[in-house]
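Every number here is computed from the coordinates shown, using simple stated rules; none is lab data. Note that this is a predicted model, so its numbers are computed, not measured. Quick reminder, even Gly has a Cβ in these numbers, built from the backbone with ideal geometry, and neighbours come from all protein chains shown.
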Number of protein chains: 2
Amino acid sequence: MSELLPCPCVILNEPQLAENIGAVARVMANFGLSDLRLVRPRDGWPQERAWASASGADWPLNDAKVFERLEDAVAGLNLLYATTARPRETRLPILTPREAAAELNAAAHQGLNTGLLFGGERAGLETQDIALAQAIVTIPIDPKFRSLNLAQAVALTAYEWRMTMADQPREAFRANEDPPADQAELIGFYEHLEKELDASGFFYPPEKRPSMVRNLRVIFARSRLTLQEVRTLRGVITALTKGRGRVLARLAAERAAKEQGSQ
Amino acid sequence: MSELLPCPCVILNEPQLAENIGAVARVMANFGLSDLRLVRPRDGWPQERAWASASGADWPLNDAKVFERLEDAVAGLNLLYATTARPRETRLPILTPREAAAELNAAAHQGLNTGLLFGGERAGLETQDIALAQAIVTIPIDPKFRSLNLAQAVALTAYEWRMTMADQPREAFRANEDPPADQAELIGFYEHLEKELDASGFFYPPEKRPSMVRNLRVIFARSRLTLQEVRTLRGVITALTKGRGRVLARLAAERAAKEQGSQ
């Protein structure tokens, strides 16, 4: 259902490099956006290099709309956010991409048309362009190195938009995982291990046995073992101890043979 | 003060294009990261094209460390997160970049060394590489278009890291816990266990050895072992196998006695 929400459009104002327009299309597709609008792309439109750098995310490019004036590109939008690294002296609210995404999500749920505006690679957005927006989005970048690639800026805001959509259905991630083993299976494994460690003299001194047992159990409890993993670990215990068993059997056989010989 | 926190390092495993390595350096600089580690870069290192595409973010490239083995690149880390679009069938926790960043921030406040691991452009990470990590980071990408650029993946996780610095520091919620063992200690334990299991014939049939090793490692990776726990588990291995050693010694002594007797 949230998939049916109207998504924000992405408006690039005077973008310069076709490669960057392609990279923008790619990240839009990564995060489920498709409505791309170009205002006065420097080298004209279409540009083959954009498709080449979109890695197959062709649809935002195929459907891209080109405008002469920013005002026309944003005409149908109810809410426009301008992304800029350097908020100029406009008296607009300044939001993080996360805050902006939350507001865009709320607006989309009201059926509003929304857009994210980005400036060209070199000059960014002019104050007059920013003044068309309802708020400024500023990415929390290190002031020591502010040169953020255009497609990266789009990616971060598009990612935050998508995060607002993804808030609920996370359990789908783990649906096909095996369930954790139940406690009886776990305890069976613990006792198997502890029995073998008792036989080997591991728990020494004896009064420390309870805390040593506890510490070992916690290691495996934290790991949230599946039943299959419990079986694997029991196989490990058997493998590590069976050499001993084999040798014991050989020893017993040799002794029996010796005794028979000495009769 | 939070600027003095140890930042996560970025490990690129078998990166292909030098341009992408440069783009990664650029986004690292954007979000305040600087420790870049390269494992078997396809075209060798250094590569001029990396510097050309870093747009002036030279310092992560100048200081980049190159490794032959992933194990060596991650040796000193206490916490390693593997970013992959396709979580394979490892039983590791799957986190969003945001959740991972929160955990990295908490770990940094405990003075731990942390790292973010990324696979190469084409193949991504192999399951055996992922098995070295304590958790998987998956970017919530549109399943209809999963081809995320490497530098974009780094940008999103680095951005989330930086967002945690903008919030106030979460109190170190595990303050009195021992720190996790580092990867070198972990790998030493894995190899100890695997050597003993090799000796016991556990890995059968031989062609299944790699996946069996992986599954075992993941069990312990999930557990986030402390150094003390690693030592305990190595003691467990020794205890389980030494019975065998003791019995062998006894057998050898008996045989020697028998041979002496028959002289």
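Structural remarks
- Likely footprinting exposure, A:198, B:182, fewest C-beta neighbours within 10 Å first: A:198, B:182
- Peptide A:198-210, shielding by other chains (average Cβ, 10 Å cutoff): 2
- Copies compared at residue A:211 - label distances in nm, ascending, label defined 7 Å from Cα in the Cβ direction: 4.3
- Note on the protein assembly as shown: with charges restricted to the Cβ of Lys and Arg (+1) and Asp and Glu (-1), its dipole about the Cα centre is near 2120 debye.
- For the protein assembly as shown, DSSP calls about 10 percent of its internal beta bridges antiparallel.
- For residues of B:230-237, the mean tally of beta carbons on other chains within 10 Å: 3
- Where GluC sites (Glu not before Pro) fall in DSSP loop in region A:38-116, at most 13 other Cβ within 10 Å: A:68, A:89
- Among the listed pairs A:195/B:242; B:65/B:208; A:242/B:242; A:195/A:242; A:195/B:258, those beyond 23 Å (Cα-Cα): B:65/B:208; A:195/B:258
- In region B:2-166, the alpha-carbon atoms span a convex hull of 105 Å³ per residue.
- Cβ crowding within 10 Å, taken as a proxy for footprinting-reagent exposure, orders A:163, B:165, A:28 from fewest neighbours to most as B:165, A:163, A:28.
- Among complete DSSP H helices in chain B, those whose alpha-carbon atoms stretch at least 20 Å along the helix's long axis and whose mean Kyte-Doolittle hydropathy reaches -1.0 are B:150-166, B:183-200, B:209-223, B:227-262.
- Rounded to the nearest 5, the antiparallel percentage of DSSP beta bridges internal to chain A is 10%.
- For residue A:257, the distances from its label point to the matching points in the remaining copies are 1.8 nm, ordered from shortest, with each point set 7 Å beyond Cα toward Cβ.
- In this label model, residue A:4 and residue A:110 are separated by 2.1 nm, measuring between points 7 Å along each Cα→Cβ vector.
- For chain B, the 222 nm mean residue ellipticity estimated from helices alone, with every DSSP H stretch of n ≥ 4 adding -39500 (n - 2.57) and the total spread over all residues, rounds to -15500 deg cm²/dmol.
- Long-range amide H partners of residue A:120 with built H, under 5 Å: A:13
- Ascending count of other beta-carbon atoms within 10 Å, so fewest first, for A:230, B:154: A:230, B:154
- Taking other residues whose beta carbon is less than 14 angstrom from the beta carbon of residue B:193, and scoring Lys, Arg as +1 and Asp, Glu as -1, yields 0.
- Within 10 Å of each Cβ in A:17-30, the average number of Cβ atoms from other chains: 3
- Of A:70, A:186, A:92, the residue with the greatest mean-square motion in the GNM of chain A, using alpha carbon springs below 10 Å, is A:186.
- Label spacing, shortest first and in nm, from residue B:52 to its equivalents in the remaining copies (7 angstrom along Cα→Cβ): 1.3
- Evaluated at q = 0.09, 0.12 Å⁻¹: base-10 log I(q)/I(0), Debye formula over Cα of the protein assembly as shown: -0.72, -1.10
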